[in-house]
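Written below as C-alpha cells is the structure these notes are about.
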Amino acid sequence: MADVVKFIHSADLHLDAPFQGVDATDERVRQALIASTYEAFARVVDACLEHEAHFLVVAGDVFNSRDKSLRAQLAFHAQVERLHEAGIPVFVAHGNHDPADGWSAQLTVPENLTYFPTDSVGRYEVVRDGKVLCGVYGRSFRRSAETSNLARTFSREPADTVCIGVLHANVGGNTDYEPYAPCSVDDLRAANMDYWALGHIHKPGRVSDDPRAIYPGSPQGLNPKESGAHGCYVVEIAGGVATEEFVPTASVEWARVDLNANGLETIGDVADAVRRACESLRAQSAVPLIMRVDLIGRSTAHAELARGTNLEELVADLRDEQLSAEPWLWLDRVRDLSSPTIDLDEVRAAPDFAGDLVRIADELISDDAQAESLLRDVIGPFESSMGVVELGMGPSEVLERARDLCLDKLLEGAEDR
C-alpha cells in the first residue's frame, strides 16, 4: 500500500497587516484586529500538530510588506520553532508582498525552515523513517512586481512518487488581484504535479481538479471585502489522488448584510431589524464579528434616519449592546441607502422645484459618463486636500441618494408649512 502524504497548505498570512479603513474606535476591537493575523497563523501551526502533518507549506506573503516588521519576523520564527520541536519541516515561497529582495533582520533561521529560491525551482525531499515521502517544488518572487510565468519553470522529477508544487500566482487572470506570476491551468498541468499549493488569492477555492490546484485563502480576512470563513487546508495524497479538508483559523470574521427596510416604519423598527441580523450572524459564528450593514428599499423610517445625527446615535447604542454579547460583534458601519416612501412619478410630474430636481436627476442618472464627470467635479476639490474619497457606491447610486436626501428636505419643509 502506498504511503499517505499529509501536509498543511497555507498562504497569505500577511502578518502585521494594518487593517486600514475600519472604524475600530473601541480598544477591544482594535487590539483584536492587531493580534488577529498572528493568532490565525498560530492556529495554522496548531492544525499541523493536531493532524500530525508531515510538513507545512506557505505559498507566499508570510509578511504584509517588503520591509517586514521585526515583530512579525520574531512571531513567525517562534511559531516555526514550535513545528521544529515536533519535527515538522516548513517550506515557504516569497510573494509579491514579501519578495526576497526586501529587508530581513539578522535572526537565526529555524533549522526546519526552507525558503524556495528565486532564480529557479527548488526541489526538496520530505523524509520519514529514512524513506522519501515526496518532493516539494517551489519558486519565490525576487521582486514585488513579478510578471513572468513562473509555472512554466516547474517540471516533475521522474523518480518522485509524489510531487507538490508551491507557487504564489494569479492563475486564470483573476481581475480582483494583481496579475503577478500569471499562468493558466494548462501551465500547471504541464508540470505534472500531484497537487498545486497556490497563494495570492485571499478567498479559499479550487482552481482545478486536473491537476489538483487549490487556493487556501488567507488564514485571517484582512478587510471588509474578505468576508466569510478563512483558514488553511489539511491535504492528504494517496495513490496519486489528493483530498483536502478546510480548517478555519480566523480569530475575527467580517460580514456584510443588505437589510431590506421595506415595512420598517420607525427608527425603532430599524434598530430591531439590525439586532435580528446581528443575532443571526452570531449564531453562525464561533469567533467575534465585524459587521457592515446597508439599509436598502423604501421605508417611512428613512426620514427619521436622515434627520440630524439620529443614525450615528443609533449605531453608537447598538455597538455598545452588541459588544456585550458573546461572541462580541462590532458594527463597523451602518449605511442608510434606503429611500423615502415618495411617489417619484407624482413628484416628477409636478411643475415645481421638486419636480425639476427629479427630472434633472433622471437625466444625469441615465448617462453614466455624465454622472461620473459630475461627481469628479464635485469630489475633486476634497480629494486634493483630503486624499482619495471612497464613496462605496457607483455614480448613479450616489446621485439617487443625493436626490432622495434633497427630496426629504424639500418635502419635509413643505409639510412643516
Query - The lone exception for residue 175 - which of (1) touching a residue at least 24 places away in the same chain (Cβ under 8 Å); (2) in a loop (DSSP other than H, G, I, E, B) it fails - result: (1)
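From 352, 356, grab the single residue that is modelled with pLDDT of 80 or more, surrounded by 11 or more Cβ atoms within 10 Å (Cβ to Cβ) and either of a type outside the set (Val, Ile, Thr) or under 22 Å from residue 21 (Cα atoms) (or both). Lay out the reasoning, then the answer.
Numbers: 352 fails: surrounded by 11 or more Cβ atoms within 10 Å (Cβ to Cβ).
Going through 352, 356 in turn, the sole match is 356.
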Query - Within the stretch 268-305, considering residues that are small (Gly, Ala, Ser) and in contact with a strand residue (DSSP E or B) (Cβ under 7 Å, 6 or more places away or on another chain), the one modelled with the lowest pLDDT - result: 297
Query raised in the report: For the stretch 121-161, which residues satisfy the criterion of being surrounded by 23 or more Cβ atoms within 10 Å (Cβ to Cβ) and either of a type in the set (Gly, Ala, Ser) or over 31 Å from the mean Cα position of the chain (by Cα) (or both)?
Result: 134, 138, 140, 151
Query raised in the report: Does any residue of the stretch 262-273 turn out to be assigned to a loop (DSSP other than H, G, I, E, B), in contact (Cβ under 8 Å) with a residue 12 or more places away in the chain and under 21 Å from residue 25 (Cβ atoms)?
Result: no
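Among the helices (runs of 4 or more DSSP H) lying completely within the stretch 292-357, list those that include at least 1 residues that are within 26 Å of the chain's Cα centre (by Cα). Step through it out loud before you land on a result.
Numbers: elements: 302-306, 310-323, 344-349.
Of the helices (runs of 4 or more DSSP H) lying wholly inside the stretch 292-357, those with at least 1 residues that are within 26 Å of the chain's Cα centre (by Cα) span 310-323.
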Query raised in the report: Can we say residue 226 is surrounded by fewer than 24 Cβ atoms within 10 Å (Cβ to Cβ) and in contact with a His (Cβ under 6 Å, 6 or more places away or on another chain)?
Result: yes
Query - Test: residue in the stretch 77-94 that is of a type in the set (Gly, Ala, Ser), over 24 Å from residue 128 (Cα atoms) and either surrounded by 18 or more Cβ atoms within 10 Å (Cβ to Cβ) or assigned by TED's automatic domain parsing to the domain that holds residue 288 (or both) - result: no
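The values are calculated or read from the model by the stated rules, or taken from the named source; none is laboratory data. Worth saying up front: this structure is predicted, and the values here are computed from it rather than measured. Cβ sites come from the backbone with ideal geometry, for glycine too, and all protein chains shown count toward neighbours.
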